Amino acid sequence: MAPMDLSIEVNGMKFPNPFLLGSGPPGTNAKVIAKSYDAGWGGAVAKTISLECAKVINVVPRYGNLKSRATGEIIGFENIELISDRPIEVWLQEFRDLKKQYPKHILIASIMEEYEKKRWQDITRMCQDAGVDAFELNFSCPHGMTERAMGMAMGQHCDLTEEVTRWVTEVAKVPVWAKMTPNISHISEPALAAVKGGAHGISAINTILSVIGVDLQTLRPKPTVEGYTVPGGYSCQAVRPIALRQVMEIAKAIPAHVSLSGIGGVERSSDAIEFLLLGASTVQVCTGVMLHGIKIVEEMQEGLAKFMTDKHFESVRQIVGKSLPYFSTHMDLVARQKEAKRARAGESSRDNDWGKKDIKDTTAEFTAQ
Ligand SMILES: Cc1cc2nc3c(=O)[nH]c(=O)nc-3n(C[C@H](O)[C@H](O)[C@H](O)COP(=O)(O)O)c2cc1C
């Protein structure tokens, strides 16, 4: 039997499958991105870059985790990592090399800059001249960069999100996705602002602002750097329900021509399919790859193919948004339940049912009080 076609076209880009490395350590240089393409990933969003890496100084430790009490499995992950600390010139050369070596795999540059039109347009031009297939605008990193008014500090303000997206789309010749922060009341508002600024797609979610824990011996919050810490970004399985809800909200709000890339707590095919069903046409994985390795994409491909066969889907596109119509209001659920009860009562009052119980009981059931 021919292998199932898992490809999907998004904003004119043909992905061999909908599984992408999310921006972060899994896409931190060309070597690891190339390995992921070889392993079967349909595309990669590289680690976020900016024009001046000298301003980016990371700390150690910068990760913390939350384990299941029952099994010890890591279910939640916090990081206080910044964007890439590698020079832009090195990145541009690596983009060129990757596109030469893997012309069919999709390479997305994640960019972040200070609030200055020239800087955003310069970095956009440089990356697209190096051949990247698309951009993801990081409006969502929740820690560190916000102290320089970047990342989430932009994405929490719709006017800034719209304006900066427009700066980029003015000069970009390739699709532009805007990556949303979940640390906001109504995530569809900045998503729509980005669409107004010309974004072709929305990515969601970045990490959720968190404090992973406090060391009960030292009384210091974690991860502890020289006795101190900052709240960081939460990811991994534990965030998936929140990500699914926010992806659903965005999917319902954005126009049909705007794409959606789902992110948050994906580790296996069933997780990814949930995002597709709620409106994502690609699914990104970051922490899952950090914890379990790039080979998880093999199960993701097999699981998606099996799901499509079992459920008679002929293309990945047919899955996208399939479960969205089943969100409603509480009032509507109550009305549907009432209606179903009435229908069930009607069913049980059919003539064929006489004889199932004592005839006297059935007579009493059908008798008005
Ligand atoms: C260690 C780490 C570093 C990250 N760095 C970036 C980054 O540079 N740019 C970005 O847009 N998102 C970054 N993220 C966020 C992820 O791309 C993703 O949005 C988030 O972690 C949720 O997905 P996950 O549960 O699959 O990790 C990072 C996440 C982690 C865990």
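Return the only residue of Gly144, Gly151, Gly131, Gly155 being among the small types (Gly, Ala, Ser) and closer than 15 Å to Ala46 by Cα.
Going through Gly144, Gly151, Gly131, Gly155 in turn, just one is among the small types (Gly, Ala, Ser) and closer than 15 Å to Ala46 by Cα: Gly131.
Where residues in region 149-205 are of a type in the set (Ser, Thr, Tyr) and within 16 Å of Ser261 (Cβ to Cβ), which of them is farthest from the chain's Cα centre (by Cα)?
My answer is Thr165.
Taking region 45-63, which residues are within 11 Å of the ligand (Cβ to nearest atom), among the aliphatic types (A, V, I, L, M) and touching a strand residue (DSSP E or B) at 6+ places or on another chain (Cβ under 9 Å)?
Val45, Ala46, Ile49
Do you know which residues across region 216-241 are more than 26 Å from His292 (Cβ to Cβ) and either part of a strand (DSSP E or B) or within 11 Å of the ligand (Cβ to nearest atom) (or both)?
The answer is Pro221, Val225, Tyr228.
Applying the selection to region 23-44, what residues are in contact with a helix residue (DSSP H, G or I) (Cβ under 7 Å, 6 or more places away or on another chain), in a loop (DSSP other than H, G, I, E, B) and either within 15 Å of the ligand (Cβ to nearest atom) or under 20 Å from Gly233 (Cβ atoms) (or both)?
Of everything in region 23-44, those that are in contact with a helix residue (DSSP H, G or I) (Cβ under 7 Å, 6 or more places away or on another chain), in a loop (DSSP other than H, G, I, E, B) and either within 15 Å of the ligand (Cβ to nearest atom) or under 20 Å from Gly233 (Cβ atoms) (or both) turn out to be Asn29, Trp41.
May I ask you to list the residues in region 180-193 that are of a type in the set (A, V, I, L, M, F, W, C) and within 14 Å of the ligand (Cβ to nearest atom)?
Met180, Ile187
In this structure, is Thr218 among the β-branched types (Val, Ile, Thr) and free of Cβ contacts under 8 Å to residues at least 24 places away in the same chain?
Answer is yes for this residue.
Answer yes or no as to whether Ser23 is surrounded by fewer than 18 Cβ atoms within 10 Å (Cβ to Cβ) and under 22 Å from His200 (Cβ atoms).
no
Conditions (1) in contact (Cβ under 8 Å) with a residue 60 or more places away in the chain; (2) out of contact with any helix residue (DSSP H, G or I) (no Cβ under 8 Å at 6 or more places or on another chain); (3) β-branched (Val, Ile, Thr); (4) surrounded by 11 or more Cβ atoms within 10 Å (Cβ to Cβ), marked per residue:
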position: Ser259; (1), (2), (3), (4): yes, yes, no, yes
position: Gly262; (1), (2), (3), (4): no, no, no, yes
position: Leu276; (1), (2), (3), (4): yes, no, no, yes
position: Val289; (1), (2), (3), (4): yes, no, yes, yes
position: Glu302; (1), (2), (3), (4): no, no, no, yes
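So, in region 282-315, of the ones that are small (Gly, Ala, Ser) and in a loop (DSSP other than H, G, I, E, B), which residue ends up nearest to the ligand (Cβ to nearest atom)?
Applying the filter and picking the extreme gives Gly293.
For region 73-89, which positions are exposed (fewer than 14 other Cβ atoms within 10 Å of the Cβ) and more than 25 Å from the chain's Cα centre (by Cα)?
Glu89
Does Ala109 fit the bill of being in contact with a His (Cβ under 9 Å, 6 or more places away or on another chain), in the same structural domain as Cys236 (by TED's automatic domain parsing) and under 22 Å from Leu21 (Cα atoms)?
In short, no.
Of the residues Leu20, Leu98, Leu66, which is within 11 Å of the ligand (Cβ to nearest atom) and either outside any loop (DSSP other than H, G, I, E, B) or under 29 Å from Glu299 (Cβ atoms) (or both)?
Of the residues listed, the single one that is within 11 Å of the ligand (Cβ to nearest atom) and either outside any loop (DSSP other than H, G, I, E, B) or under 29 Å from Glu299 (Cβ atoms) (or both) is Leu20.
Picking from Gly213, Gly262, which residue would you name as being near the ligand (Cβ under 10 Å from one of its atoms) and either in contact with a strand residue (DSSP E or B) (Cβ under 6 Å, 6 or more places away or on another chain) or outside the structural domain of His143 (by TED's automatic domain parsing) (or both)?
Gly262
May I ask you to list the residues in region 271-281 that are touching a Phe, Trp or Tyr at 6+ places or on another chain (Cβ under 8 Å) and either modelled with pLDDT under 95 or away from the ligand (no atom under 13 Å from the Cβ) (or both)?
Ile273
When the residues of region 101-130 are filtered to those that are within 15 Å of the ligand (Cβ to nearest atom) and part of a helix (DSSP H, G or I), which remaining residue is surrounded by the most Cβ atoms within 10 Å (Cβ to Cβ)?
If we take residues in region 101-130 being within 15 Å of the ligand (Cβ to nearest atom) and part of a helix (DSSP H, G or I), then Cys127 is surrounded by the most Cβ atoms within 10 Å (Cβ to Cβ).
The values are calculated or read from the model by the stated rules, or taken from the named source; none is laboratory data. Just so it is clear, the structure is predicted and the values come from calculations on it, not from any experiment. In this analysis, Cβ positions are derived from the backbone assuming ideal geometry, glycine residues included, and neighbour counts consider all displayed protein chains.
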